[in-house]
Every structure is written in structure tokens, then in C-alpha cells.
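Undergrad: Sharing a structure, written as C-alpha cells. Questions coming.
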Amino acid sequence: MKNPGIIYYLCPDTNKPKGGVKVIYEHVDILNGAGFPAYVLHKKKGFRCNWFDNLTTISYLSKWMFRKNDFIVIPEFY
């Protein structure tokens, strides 16, 4: 099977309730549930939104390596 790549969602490091941030986490959960490897991409190592319950997969810019078949989703507020 061809490598489908990883989908990264760029997300701000904020712990204040914002609908867009929660939607990013939800999208990543949905993609992983459907068999597509996906991560929320935060800048600060160790950061995770904790104002809502989640077990979402997280990656960090400091260890991020973009590969040929990967995708990055950049929200409109960037």
C-alpha cells in the first residue's frame, strides 16, 4: 500500500476556550478513527489543551519533520 502520509493540524498553544481549537482536536480524532494518521501540531513541547477532555494525538514543531506525502492544515486565523 502506498504511504498515505500524515495529516498535521497547526493549532495555537492556548488553553482558553475557543471553538476552532476544539474543532481541530475533533477533526484529528475523526481522521484517526477513520484510519488516517493525524496529529494536532503545537509549538510548545508538552502542550495539550486541557479545558476539554481529549486523548487526541499531538506532535510538536520541535520534532516535526514534513515528509513527501504529508499534509498540513493551517486554520484561517493564522
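Undergrad: Whether any residue in the range 67-77 is of a type in the set (Val, Ile, Thr), touching a Ser or Thr at 6+ places or on another chain (Cβ under 9 Å) and surrounded by 10 or more Cβ atoms within 10 Å (Cβ to Cβ) is what I want to check.
TA: No, that holds for no residue.
Undergrad: Sticking with this structure for a sec: Among (1) part of a strand (DSSP E or B); (2) open to solvent by less than 60 Å² (accessible area, probe 1.4 Å), which single condition is Val28 missing?
TA: Among (1) part of a strand (DSSP E or B); (2) open to solvent by less than 60 Å² (accessible area, probe 1.4 Å), the lone unmet condition for Val28 is (1).
Undergrad: Restricted to the range 50-66, and to residues that are in a loop (DSSP other than H, G, I, E, B) and open to solvent by 100 Å² or more (accessible area, probe 1.4 Å), which residue is nearest to His27 (Cα to Cα)?
TA: The qualifying residue nearest to His27 (Cα to Cα) is Leu55.
Undergrad: Name every residue in the range 1-34 that is modelled with pLDDT of 95 or more and farther than 17 Å from Tyr78 by Cβ, in order of residue number.
TA: Passing the criteria: Ile6, Glu26, Asp29, Ile30, Leu31, Asn32, Gly33, Ala34.
For (1) without any contact (Cβ under 8 Å) to a residue 24 or more places away in the chain; (2) under 17 Å from Gly5 (Cβ atoms); (3) of a type in the set (D, E, K, R); (4) in contact with a Leu (Cβ under 9 Å, 6 or more places away or on another chain), each residue gets a yes or a no:
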position	(1), (2), (3), (4)
Ile24	no, no, no, yes
Asp29	no, no, yes, yes
Gly33	yes, no, no, no
Lys43	no, no, yes, yes
Lys68	no, yes, yes, no
Pro75	no, no, no, yes
Tyr78	no, no, no, yes
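The values are calculated or read from the model by the stated rules, or taken from the named source; none is laboratory data. For clarity, every value in this text was computed on a predicted model and none was experimentally measured. Glycine gets a Cβ as well: all are built from the backbone with ideal geometry, and neighbour counts include every protein chain shown. Just so you know, the surface numbers come from the protein's heavy atoms only, side chains and all, with ligands and any DNA or RNA stripped out. Shrake-Rupley method; radii C 1.70, N 1.55, O 1.52, S 1.80 Å.
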